[in-house]
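Chemist: Take this structure first; my questions come after.
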Amino acid sequence: MKKLLVVHHTPSPYTQAMFEAVLSGATDPEIEDVEVVRRAALAVTPTDMLEADGYLLGTPANLGYMSGALKHAFDVCYYPCLDSTRGRPYGMYVHGNEGTEGAEKGVTSITTGIGWVKAADYVVVSGKPSKDDLEACWELGATVAAGLMEV
């Protein structure tokens, strides 16, 4: 069985709604043989990352950058995972009330450095998530999880 790790920082109702939509997509009954594991960004360990076959990352954009919690997760896990997780797929959802470009760029830089492969377009939402935004989050979760089924 493949393992999909969802690393998230969910401090607001909007990021919670996005998180729930991503989980709903990732755990769709049509997706078989993929275990979805959730870890708060401040609690994730290198072992969690090493045991996963793919990743979904969720963060608010705080002051134009990824949350300190997600950055902490990368700080703790980057070097232990550097050679062992290369080539694994990932996706990301980000919520911001203003610019999210710094968060997107920061995550792209780190995931490029660690050698992960972007499996789907990022879902970026400003303000209250619309029905379409939440559908995009569902699709993100389903796409990354279904991709693991095929591996």
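Chemist: Out of all DSSP beta bridges in the chain, what portion is antiparallel? Express it as a percent rounded to 5. It would help to have the intermediate numbers written out before the result.
Modeler: Values: 2 of 26 bridges.
Restricted to the chain, the bridges split so that about 10 percent are antiparallel.
Chemist: Let me ask something additional. Run through the range 1-82 and list the GluC sites (Glu not before Pro) located in a DSSP loop whose Cβ has at most 11 other Cβ atoms within 10 Å.
Modeler: On the way: sites: 20, 30, 32, 35, 51; in loops: 30, 32.
Here the sparse-neighbourhood loop sites are 30, 32.
Chemist: Sort 47, 85 so the one with the fewest other Cβ atoms within 10 Å of its own Cβ comes first.
Modeler: Values: 47 11, 85 22.
Fewest-to-most Cβ neighbours within 10 Å comes out as 47, 85.
Chemist: Tell me what the chain gives for mean residue ellipticity at 222 nm when only DSSP H runs of n ≥ 4 count, each as -39,500 (n - 2.57), the sum divided by the residue total, rounded to 500 deg cm²/dmol.
Modeler: -14500 deg cm²/dmol
Chemist: Per q in 0.12, 0.13 1/Å, what log10 I(q)/I(0) does a Debye calculation on the alpha-carbon atoms of the chain return?
Modeler: -0.42, -0.50
Chemist: With respect to the cross-link table entries 3/71; 71/131; 2/105; 2/128; 71/118; 3/131, which display a Cα-Cα separation exceeding 26 Å?
Modeler: Numbers: 3/71 22 Å; 71/131 29 Å; 2/105 28 Å; 2/128 33 Å; 71/118 18 Å; 3/131 28 Å.
Going by Cα-Cα distance, 71/131; 2/105; 2/128; 3/131 fall outside the 26 Å limit.
Chemist: Then there is this: Can you give me the C-alpha center-to-center distance between the range 9-46 and the range 49-111, rounded to a whole angstrom?
Modeler: For the range 9-46 versus the range 49-111, the Cα centre distance is 14 Å.
Read-outs throughout are calculated quantities, based only on the coordinates presented, and are distinct from any laboratory measurement. Quantities reported herein were computed from a predicted structural model and do not represent experimental measurements. Cβ atoms come from the backbone with ideal geometry, glycine included; neighbour counts cover every protein chain shown.
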